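The values are calculated or read from the model by the stated rules, or taken from the named source; none is laboratory data. Computed from a predicted structure; not experimentally measured. All Cβ positions, even for glycine, are placed from backbone atoms using ideal geometry, and neighbour counts span all protein chains on display. These area figures cover heavy atoms from the full protein model, side chains too; ligands, DNA and RNA do not enter into them. Shrake-Rupley method; radii C 1.70, N 1.55, O 1.52, S 1.80 Å.
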Amino acid sequence: MIDMLSKAKAGEYAVAAFNILDYNSTRAIVNAAEELKAPVIVQVSVKTIKVWGYKAIVSWYRELAEESPVPVVLHLDHCKDIGVIKSCIESGWTSVMIDASSFPFNENLELTKKVVKLARPKNISVEAELGEIGGVEDDISVNEEDAHLADVDKSILFCWETKPDLFAPAIGTAHGVYKGEPKIAYDRLEEISKRTEIPIALHGGTGLADDVFKKCISLGCAKINISTQLKRQFINSFVDYKNQNPDDFEPVRYIDYQYSQLKADIEGFIRLFGSEGKA
Ligand SMILES: [Zn+2]
């Protein structure tokens with residue numbers, strides 16, 4: 001992921017990171033990226049690992065990505081459990097996120113350092129978080145009062161001490177669905193990006209306006225996470241197909257329809273983030 005994101009940052013585009021739910025959604029992500037010749041990140045939440053297990057997810061990834069003409073990263077999303085991170089590293093993930101942002105600063109620092117030490121010798125990239133991104137992610141709910149932005153000086157110190165490959169400072173975006181317009185701290189984003197020189201990950205991508213994405217990319221965001229939109233499409237595509245075809249009980253046609261709907265959404269984000277043709 002390191003090479004993928006430094007190219008993105010230099011070229012002022014962002015690589016899209018989509019959360020998978022099963023094989024069908026993984027296939028939609030990789031195939032969309034191949035059609036658009038784009039690098040892509042397949043991202044997995046801890047709760048998705050709990051459903052399928054490490055081996056199954058890695059087997060989908062290998063089958064789809066190993067011979068793919070485009071670079072595909074398998075990334076662990078928000079995780080504060082070192083045991084899960086270790087298992088991902090051993091099972092074949094190529095990138096992990098340590099999210100110890102709910103802990104006090106020094107604990108976050110120490111845990112992040114520990115993960116970097118585990119991952120770096122194996123060439124596995126590490127994303128770290130500071131501040132608290134609002135909304136619900138992996139059953140952890142951060143309400144608006146508790147969500148707080150990452151402090152600039154602390155961000156510099158944190159990145160200097162831990163040396164992550166990718167940094168996710170809380171800058172005003174939130175997980176889930178936005179109620180009203182989010183206030184993005186562009187100044188903070190710009191300063192953190194300039195002073196750390198580390199590619200920035202933008203969380204809570206679903207529901208942001210096109211010009212917000214473009215501005216964040218121009219200020220240093222090289223990875224943009226999309227989860228909620230795919231979760232909704234995953235369910236809505238089945239419901240829509242059923243409503244349109246009430247007498248059809250052939251699951252394969254539902255799966256095909258879901259695949260094409262997910263793929264269309266994914267292609268839209270890849271184009272929007274400017275990574276089409278960058279593989
Ligand atoms: Zn996130």
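Give me the percent of the accessible area of the stretch 193-274 that comes from carbon and sulfur atoms, probe 1.4 Å, all protein chains in place.
On the way: 2060 of 3900 Å².
Answer for the stretch 193-274 is 53 percent, counting heavy atoms of protein chains only.
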Amide H neighbours of Thr206 at under 5 Å, excluding residues fewer than 5 places away on the same chain, with H built from the backbone geometry, are Ser227, Thr228, Gln229
Return the long-range amide H neighbours of Val126 (sequence gap of 5 or more, or a different chain), with a cut-off of under 5 Å between placed amide H atoms. Val96, Asp165, Leu166
Of the GluC sites (Glu not before Pro) in the stretch 1-71, which ones lie in a loop per DSSP and count no more than 16 other C-beta atoms within 10 Å? Glu12, Glu66, Glu67
Top positive-direction residue, dipole computed over the stretch 158-279 with Cβ charges, set Leu219, Ile184, Thr162: Thr162
Going by Cα centres, the stretch 1-75 and the stretch 214-237 are how many Å apart? 13
Tensor-based shape of the stretch 99-257 (alpha-carbon gyration tensor, a/c under 1.5 rounded, otherwise prolate or oblate): prolate
Which peptide among 168-176, 116-124, 97-105 comes first, and what is the full order, when sorted by highest mean count of other Cβ atoms within 10 Å? 168-176, 97-105, 116-124
Tell me, what is the percent relative contact order of the chain, built from C-alpha pairs under 8 Å that lie six or more residues apart? 24
Return the unpartnered cysteines for the chain, using a Cβ-Cβ cut-off of under 4.7 Å. Cys79, Cys88, Cys159
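Once you've got the Cα coordinates, tell me which of Lys9/Lys278; Lys183/Lys223; Lys194/Lys214; Lys55/Lys86; Lys163/Lys263; Lys7/Lys154 are over 24 Å apart.
Lys163/Lys263; Lys7/Lys154
Arrange the peptides 127-136, 235-244 so that the one whose residues have, on average, the most other Cβ atoms within 10 Å appears first.
127-136, 235-244
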In debye to the nearest 20, the charge dipole size for the chain, taken about the Cα centre with +1 at each Lys and Arg Cβ and -1 at each Asp and Glu Cβ, equals 620
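Sorted by mean Cβ packing within 10 Å, highest first, what order do the peptides 181-188, 24-31 take?
Output ranking for 181-188, 24-31: 24-31, 181-188.
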The size of the Cβ-based charge dipole (Lys, Arg +1; Asp, Glu -1) of the stretch 1-58 about the Cα centre, to the nearest 20 debye, is 240
Rounded to whole Å, √(5λ) for the Cα gyration tensor eigenvalues of the stretch 57-145, largest first, gives 26, 16, 10
Quick one: work out Rg over Rh on the C-alpha atoms of the chain, Rh as Kirkwood radius. 0.96
Using DSSP, restrict attention to beta bridges with both residues in the chain and report what percent are antiparallel, rounded to the nearest 5. 15
Taking Trp160, Trp93 and ranking on accessible area (1.4 Å, protein atoms only), highest first, one gets Trp160, Trp93
